[in-house]
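The values are calculated or read from the model by the stated rules, or taken from the named source; none is laboratory data. Model, not experiment: these values are computed from the prediction. Methodologically, a virtual Cβ is constructed for each residue, glycine included, from the backbone with ideal geometry; neighbour enumeration extends over all protein chains shown.
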Amino acid sequence: MSPAQVFKVYIWMVDTISSGRLTKEDIDRRWAHSAVNTYGEPDFPKRKFHRYKEDILTLFGINIKCNRRNGYYYIDNDEDTRLWGGMQQYITTTFSLKATIDESDGLDESLLLESIPQGAKYLTTIMRAIHARKQLLVTYHSYDRNSDYDMFFSPYCLRVFKQRWYMVGEASTHPREIRVYALDRVMDMHALDNDYYIPEGFNPKLFFKDYYGVFLNAKPCLLRIEVTPHAALFLRSLPLHHSQRELSPEEAAPYLTTPGNVVMEYFVAPTFDFIQQLRTFGAELRVLAPLSLAKQMRQDAEQLLARYS
């Protein structure tokens, strides 16, 4: 099987076993009629099943266990088995939806989904490299150079942001510096035999804790915004960042420029992608702090107005 096909089988296994109370015989029956069973196997070969089960634990931190008393397989939800925080939830929701579509004739016409860039085909290769601590030879397309170039890459982790996959790690082009690269700009990738080491204490979740997306071009700081009551409804239902805190009316009073508005505070890096997200609120949002960001937002607004003058 190709890496992409194997990845689909991983997803199928997680999705199937997540449904609960299935013995190996039950799994075999479902596998015989599965759309991802490309070879038409009458059952799931035992050795392959256990090998893939170990791969799923290693690559995703999803632990598939068997209850010896009744023979049922299940997903162990122990937080300690998860390698990358919410990866298990992402896998079992987003990708299980894809598996459901594959198994249901005509269902794809009833769902309108965002397209995912082609770079996802490299996921299995990168995940295996992270596990084995083996470098990758990557051909990458640079928008700045408008050309392709090769680099040796040591992957530390993967990140999903706005339907795009990114690999995070150290590149030979920028040694001793953590960089982020979009998978949809990877032109080619090969696993190497070269060993590498992830810095001791590196934790992907902690590394991105004070960042919004994938850009690392600013330092975290206290950021305060004023929004209309209408915009506040959206921010309450879907916070921009985990550090989001809504100030009480008494706390917000000294900062408000318009009575009735709402003030939100964040501790986050005002990176390019975070600023872009602030701009989507248009005139319903005003940056209060830091002052440097407020000035930048005003200058950008003036330039935009000038384009339409």
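Some points to look at:
- Pairs with Cβ under 7 Å, 6+ apart, first in segment 110-136 and part of a helix (DSSP H, G or I), second modelled with pLDDT of 80 or more and among the β-branched types (Val, Ile, Thr): 119/186; 122/186; 124/6
- Residues in segment 1-40 that are outside any loop (DSSP other than H, G, I, E, B), in contact with a strand residue (DSSP E or B) (Cβ under 8 Å, 6 or more places away or on another chain) and of a type in the set (Ser, Thr, Tyr) were compared, and the one that is surrounded by the fewest Cβ atoms within 10 Å (Cβ to Cβ) is 18.
- Test: residue in segment 286-301 that is modelled with pLDDT of 95 or more, closer than 16 Å to residue 234 by Cβ and surrounded by 10 or more Cβ atoms within 10 Å (Cβ to Cβ): yes
- Of the residues screened, residue 284 is one that is in contact (Cβ under 8 Å) with a residue 40 or more places away in the chain and of a type outside the set (A, V, I, L, M, F, W, C).
- Qualifying residue in segment 234-241 (condition: loosely packed, with under 15 Cβ neighbours inside 10 Å and either aromatic (Phe, Trp, Tyr) or outside the structural domain of residue 285 (by TED's automatic domain parsing) (or both)): yes
- Annotation note: Cβ proximity below 9 Å between a residue of segment 67-83 that is within 13 Å of residue 20 (Cβ to Cβ) and a residue that is of a type in the set (Ser, Thr, Tyr) and at pLDDT below 65 (sequence gap 6+ or interchain) occurs for 75/92.
- Options 207, 274, 267: the member that is surrounded by fewer than 17 Cβ atoms within 10 Å (Cβ to Cβ) and within 22 Å of residue 181 (Cβ to Cβ): 207
- Residue satisfying condition, being modelled with pLDDT of 85 or more, touching a strand residue (DSSP E or B) at 6+ places or on another chain (Cβ under 7 Å) and buried (at least 16 other Cβ atoms within 10 Å of the Cβ), within set 75, 56: 75
- Residue in segment 290-306 that is within 24 Å of residue 211 (Cβ to Cβ) and either hydroxyl-bearing (Ser, Thr, Tyr) or not in a helix (DSSP H, G or I) (or both) present: yes
- Residue in segment 255-270 that is within 23 Å of the chain's Cα centre (by Cα) and polar (S, T, N, Q) present: no
- You will find that of 134, 121, 162, the residue that is at pLDDT below 90, over 30 Å from residue 282 (Cα atoms) and charged (D, E, K, R) is 121 and no other.
- Top-ranked residue of segment 220-238 - restricted to ones that are at pLDDT 95 or above and assigned to a loop (DSSP other than H, G, I, E, B), ranked as farthest from residue 283 (Cα to Cα): 220
- Every residue from segment 33-72 that is of a type in the set (Gly, Ala, Ser) and in contact with a Ser or Thr (Cβ under 9 Å, 6 or more places away or on another chain): 34, 61, 71
- From the options 201, 213, residue that is at pLDDT below 95, crowded, with 17+ Cβ neighbours inside 10 Å, among the small types (Gly, Ala, Ser) and under 29 Å from residue 127 (Cβ atoms): 213
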